[in-house]
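In what follows, a single structure is set out as structure tokens and then discussed.
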Amino acid sequence: MTDPMIVAGWIEVAPADRAAYLDGCRSVVEQARAAQGCLDFAISADLVEDGRINVYERWDNEVDLLAFRGAGPGDDQQVAMLDASVRRFEISSEGPA
């Protein structure tokens with residue numbers, strides 16, 4: 001089994017499209033949180049930049065992450081993205097902050 005994983009980053013959409021984009025992600029968040037191996041999953045509006053959406057996921061292992069991920073964002077979501085930087089990180093150790 002692989003180490004726990006974090007997926008984190010941001011997506012940029014037109015400020016006028018952000019609310020609709022986030023609303024379209026509601027079912028994805030619900031599905032992810034119910035998925036095997038998902039420890040946390042959030043897609044949220046940035047407090048400073050109007051078109052920025054923050055992404056945070058924490059998974060028990062890479063196998064579960066990849067099983068959930070499938071093909072990635074749907075066509076409507078992909079078209080709305082102006083830019084993105086989302087990366088996957090392996091957790092080698094963890095402890096209280």
### Inter-residue pairs, beta-carbon under 7 Å, first under 13 Å from CYS25 (Cβ atoms) and in segment 37-58, second among the basic types (Lys, Arg), 6+ apart
PHE41/ARG33; ALA45/ARG18; ILE53/ARG18
#### Entry: Single residue of GLY37, GLY70 found to be on the phi > 0 side of the Ramachandran plot, of a type outside the set (Lys, Arg) and open to solvent by less than 40 Å² (accessible area, probe 1.4 Å)
GLY37
### Summary
Among residues of segment 73-87 being under 20 Å from ALA16 (Cα atoms), hydrophobic (A, V, I, L, M, F, W, C) and open to solvent by less than 80 Å² (accessible area, probe 1.4 Å), the residue modelled with the highest pLDDT is ALA84
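On the given criteria, is SER93 open to solvent by 50 Å² or more (accessible area, probe 1.4 Å) and among the hydroxyl-bearing types (Ser, Thr, Tyr)? Write out each step before concluding.
Working: open to solvent by 50 Å² or more (accessible area, probe 1.4 Å): yes; among the hydroxyl-bearing types (Ser, Thr, Tyr): yes.
Criteria met by SER93.
The values are calculated or read from the model by the stated rules, or taken from the named source; none is laboratory data. Predicted model, so just to flag it, every value in this text is computed and none were measured. Don't worry about glycine lacking a Cβ; one is built from the backbone with ideal geometry, like all the others, and counts go over all protein chains shown. Remember, those area values only see protein heavy atoms, side chains included, never the ligands or the DNA or RNA. Shrake-Rupley method; radii C 1.70, N 1.55, O 1.52, S 1.80 Å.
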